[in-house]
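The values are calculated or read from the model by the stated rules, or taken from the named source; none is laboratory data. This structure is a prediction, so every number in the text was calculated from the model and none was measured. Every residue, glycine as well, gets a Cβ built from its backbone with ideal geometry; the counts of neighbours run over all protein chains shown.
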Amino acid sequence: MAKTANLMGTGVAIVTPFTKKGHVDFDALTNLVEHLVKGGVEYLVVLGTTGESATLSKDEKQAVINHVVKVNKGRLPLVLGIGGNNTAEVVHSLKHTDLKAFSAVLSVSPYYNKPSQEGIYQHYKEVAKASPLPVILYNVPGRTASNMSWETTVRLAKDFKNIIAVKEASGNLEQCMKIIKYKPKEFMVISGDDNLTLPIIACGGHGVISVVANAFPKPFSNMVRAALKYDMPTAQKLHYSLIDITDQLFADGNPGGVKHALSLLKITGPTVRLPLVEPNDKVQAKLKDLVKAFK
């Protein structure tokens, strides 16, 4: 398990903080990285969906990468989001991005195009061939409009040694269990749904790439570690302490919810970029009460 051991536990899909004028807020990004390091998470994921990578320019993406690497100072492993629905462009990015500070890449299944399962397989085949780092597949049909089947995931895991894990955000526990049953021994199944992390680990999963842990890294990572040690009473207690907050963080869109929670905690501001908007007043009010009670 040497090549994947540092990605066990809680990874955090970090938000990209913005100023009120919509510029990247590097001071707040520093605050966030320090908050997560002190919170005890195992690794950070940079420029994922939660990082609003779709609305960052090429220069902004590089600036975010540089800043996280600088602030992190090698304390936590880093994973970089490199994915898309243009296979050739993803391959180009993998070949021309400086990845020396990163442990792996997280690559989302192609969106919008709605490829067949064979198309998804062939896309990831090219990604695996081009990537100098281990690859984490990312299945999130709620965003991509297509589900990567468990059969395709297992096929990729068996065919390419540098495809080391899948972030499963299908919300389908049966699909996760099928992957866990038929995958190669070293392949990791990582939860992409915060509220399903505990049951996925109970079924044999290896951790999470979390949104909620941006705001609550200590209790969430403690929950994951307890679950991985089969200390289910502790894990269950922490899971249920977070379940209502988690629901509200996603009630009116991600990352608007977690950014609002981070603003209540005075770590980053709440600003998101269009076409995203901040959560509605009802969700904000509920989050205010839940965050206050949780602290």
#### Entry: Answer residue from the range 155-179, given it is within 17 Å of I82 (Cα to Cα) and of a type outside the set (G, A, S) and is surrounded by the fewest Cβ atoms within 10 Å (Cβ to Cβ) among those
N162
### Query
How many residues does the range 65-115 hold that are under 28 Å from P141 (Cα atoms), basic (K, R) and in contact with a helix residue (DSSP H, G or I) (Cβ under 7 Å, 6 or more places away or on another chain)?
1
### Query
A226 is checked against (1) among the small types (G, A, S); (2) under 28 Å from P132 (Cα atoms); (3) part of a helix (DSSP H, G or I) and fails just one. What number does that condition carry?
(2)
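Per-residue answers, yes or no, for (1) over 19 Å from A165 (Cβ atoms); (2) in a loop (DSSP other than H, G, I, E, B):
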position: H35; (1), (2): yes, no
position: T50; (1), (2): no, no
position: D59; (1), (2): yes, no
position: L94; (1), (2): no, no
position: L106; (1), (2): no, no
position: N113; (1), (2): yes, yes
### Message
Which pairs turn up if I take residues in the range 25-54 that are free of Cβ contacts under 8 Å to residues at least 60 places away in the same chain and look for partners that are buried (at least 17 other Cβ atoms within 10 Å of the Cβ) and of a type in the set (K, R) with beta carbon separation below 8 Å, at least 6 apart in sequence or on another chain?
### Response
L47/K61; S53/K61
### Task
Being of a type in the set (A, V, I, L, M) and surrounded by fewer than 22 Cβ atoms within 10 Å (Cβ to Cβ) is the filter here, so list the residues in the range 39-63 that pass it.
A54, L56, A63
### Summary
Log entry, pairs with first residue in the range 145-164 being hydrophobic (A, V, I, L, M, F, W, C), second being crowded, with 19+ Cβ neighbours inside 10 Å and modelled with pLDDT under 95, beta carbons closer than 8 Å, six or more apart or on different chains, reads I164/L7
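Results for (1) without any contact (Cβ under 8 Å) to a residue 40 or more places away in the chain; (2) of a type in the set (D, E); (3) part of a helix (DSSP H, G or I), shown as yes or no for each residue.
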residue: A213; (1), (2), (3): no, no, yes
residue: H239; (1), (2), (3): no, no, yes
residue: R273; (1), (2), (3): no, no, no
residue: K288; (1), (2), (3): yes, no, yes
#### Entry: Residues within the range 9-38 that are crowded, with 20+ Cβ neighbours inside 10 Å and of a type in the set (F, W, Y), tallied
1
### Query
Out of T144, T153, T197, T234, which single residue is within 20 Å of the chain's Cα centre (by Cα), within 30 Å of A293 (Cα to Cα) and polar (S, T, N, Q)?
T197
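A quick yes/no check of all residues on (1) more than 21 Å from I190 (Cβ to Cβ); (2) not small (G, A, S):
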| site | (1), (2) |
| --- | --- |
| P17 | yes, yes |
| N31 | yes, yes |
| K38 | yes, yes |
| E42 | no, yes |
| V46 | no, yes |
| S53 | no, no |
| S57 | yes, no |
| K61 | yes, yes |
### Message
Just to be sure I understand, how many residues within the range 126-151 are among the aromatic types (F, W, Y) and part of a helix (DSSP H, G or I)?
### Response
1
#### Entry: Subset of the range 87-107 (residues that are free of Cβ contacts under 8 Å to residues at least 60 places away in the same chain and surrounded by 14 or more Cβ atoms within 10 Å (Cβ to Cβ))
T87, V90, V91, S93, L94, T97, L99, A101, F102, V105, S107
### Task
Determine the pairs where a residue that is in contact (Cβ under 8 Å) with a residue 60 or more places away in the chain, located within the range 220-236, has a partner that is of a type in the set (D, E, K, R) with Cβ atoms under 8 Å apart, the partner being 6 or more residues away or on another chain.
F220/D194; S221/E42
## Note on the structure
When the range 180-199 is checked residue by residue, the ones that are under 19 Å from I245 (Cβ atoms) and surrounded by 19 or more Cβ atoms within 10 Å (Cβ to Cβ) are S191, G192, D193, D194, L196, T197, L198
### Task
Scan the range 12-33 residue by residue and report those that are part of a loop (DSSP other than H, G, I, E, B) and either under 11 Å from A215 (Cα atoms) or at pLDDT below 95 (or both).
I14, V15
